[in-house]
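Have a look at the structure below before the remarks.
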Amino acid sequence: MTKQNNPRLMTTTLTTPYIYYNDIPSLNGEAKDFLTRANTAFEQQDIPEATELYKNALEKNPQSAELLSNMGAIIAAQGAVAEGLNLLKKATELQDDCVGAWYNLGTLFLVHGAGDQAVEPLQKAIILNAENPASFNNLGIAYMQLHKFDQAKENFEKALSVNLSFDYAYHNLGALAYDQGNLSEAASYFHKALEVNAHNFATLNDLGCVSYKEGNIEEALGLFRRSVEANASYRLPYFNIGMISIAEDRI
């Protein structure tokens, strides 16, 4: 097999997931009971049951922005993007200071590659709560999608100013440095992320990409294998091992 030079390896940024309200003081009676049961189902990863219970709670209190936010997020995560988007927009219209709805709306746009539409709702979430590092993190990724790298870095750093133990922000600073060809800086940030969470499979994968670009083939393969051990369902390290095997004529 012909050896391939400089294979294009796969890295990723880490988007902080949707926010769900576990407690909504304005609810009472049946709606509150449905919310409690939905939270239990969600914690047990019974997403269909949680979805149905959020729906039941919303039927009892259709004007709750927090319930609309929960429902919009959970169905969007299951692929009903348009319906989820409509529910999240309705939540922000009903209650302009519902920070979770603004955050979830921006995050929904972000995960579907619409960084330009993600910026405004995430900025609104930050105005409402500047102590949530997740909003800064996701806004940073939105700016990365828009190739506004200085603003991206600024927001990742702001996330860390709120929470120095936030591994996602370290990882994303590493991903930004990697994309810009600053391998030593990328490695430094990835190592910091792993100091916080040694089992972050995405960081192990991306650090492996740095190692390979620096010529440390065995170290890179070892990191990819550790990524697989941390999450056997994560596809990027498998791809990268395959690409390196082809490039280094190991097949």
### Task
Just name one of Thr13, Leu87, Gly140: the one whose Cα is farthest towards the positive end of the charge dipole of the chain (beta-carbon charges, Lys/Arg +1, Asp/Glu -1).
Thr13
### Summary
If R0 = 35 Å, then Glu83 and Met243, at their Cβ-Cβ distance, give a FRET efficiency to the nearest 0.05 of 0.40
### Query
Which whole-number percentage describes the relative contact order of segment 51-189, with Cα contacts under 8 Å and a sequence gap of 6 or more?
13 percent
### Message
Net charge within 15 Å of Ala232 by Cβ-Cβ distance, Lys/Arg positive one each and Asp/Glu negative one each, not counting Ala232 itself?
### Response
+2
### Message
Please give the charge dipole size of segment 1-107, origin at the Cα centre, charges +1 on K and R Cβ atoms and -1 on D and E Cβ atoms. Round to the nearest 20 debye.
### Response
620 debye
### Task
Taking amide H positions as placed in the peptide plane 1.01 Å from N, state which residues far from Ser26 in sequence (5 or more) or on other chains have amide H under 5 Å from it.
none
### Message
With n ≥ 4 as the cut-off for DSSP H runs, can you work out [θ] at 222 nm for the chain, using -39500 (n - 2.57) per run divided by the number of residues, rounded to the nearest 500?
### Response
-22500 deg cm²/dmol
### Message
I need to check one value: relative contact order of the chain, counting alpha carbon pairs closer than 8 Å and at least 6 residues apart, in percent.
### Response
18 percent
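Give me D for segment 165-251 in µm² s⁻¹, whole number, from Stokes-Einstein with Rh from the Kirkwood sum over alpha-carbon pairs, 20 °C and 1.002 mPa s.
Calculated translational D: 169 µm²/s.
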### Task
Over segment 165-251, calculate the relative contact order: mean separation of alpha carbon pairs under 8 Å at least 6 apart, over the residue count, as a percent.
21 percent
### Using θ = phi - 60° and Karplus 6.51 cos²θ - 1.76 cosθ + 1.60, couplings along segment 112-123 (whole Hz; Gly, Pro as x)
9, x, 9, x, 5, 7, 7, 4, 4, x, 5, 4
### Query
Which of Leu27, Asn155, Leu67 sits closest to the plus end of the dipole of the chain, meaning its Cα is farthest towards the positive end, when Lys and Arg get +1 and Asp and Glu get -1 on the C-beta?
Asn155
#### Entry: From phi via Karplus (6.51, -1.76, 1.60), per-residue ³J(HN,Hα) for segment 19-27 in Hz, x at Gly/Pro
9, 10, 7, 8, 9, 10, x, 6, 7
### Summary
Proximal lysine pairs in the chain, meaning Cα under 23 Å and 8 or more positions apart or interchain, come to 19
#### Entry: Built amide H within the under 5 Å cut-off of Thr16, gap 5+
Asn138
### Query
Once you charge only the Cβ atoms, +1 for Lys and Arg and -1 for Asp and Glu, what is the size of the charge dipole of the chain about its Cα centre, to the nearest 20 debye?
480 debye
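Bear in mind that the values in this text are calculations on the coordinates, not laboratory data. Quick caveat, the model's predicted, so the values are computed rather than measured. Here the Cβ is made from the backbone with ideal geometry for all residues, glycine too, and neighbour counts use every protein chain on show.
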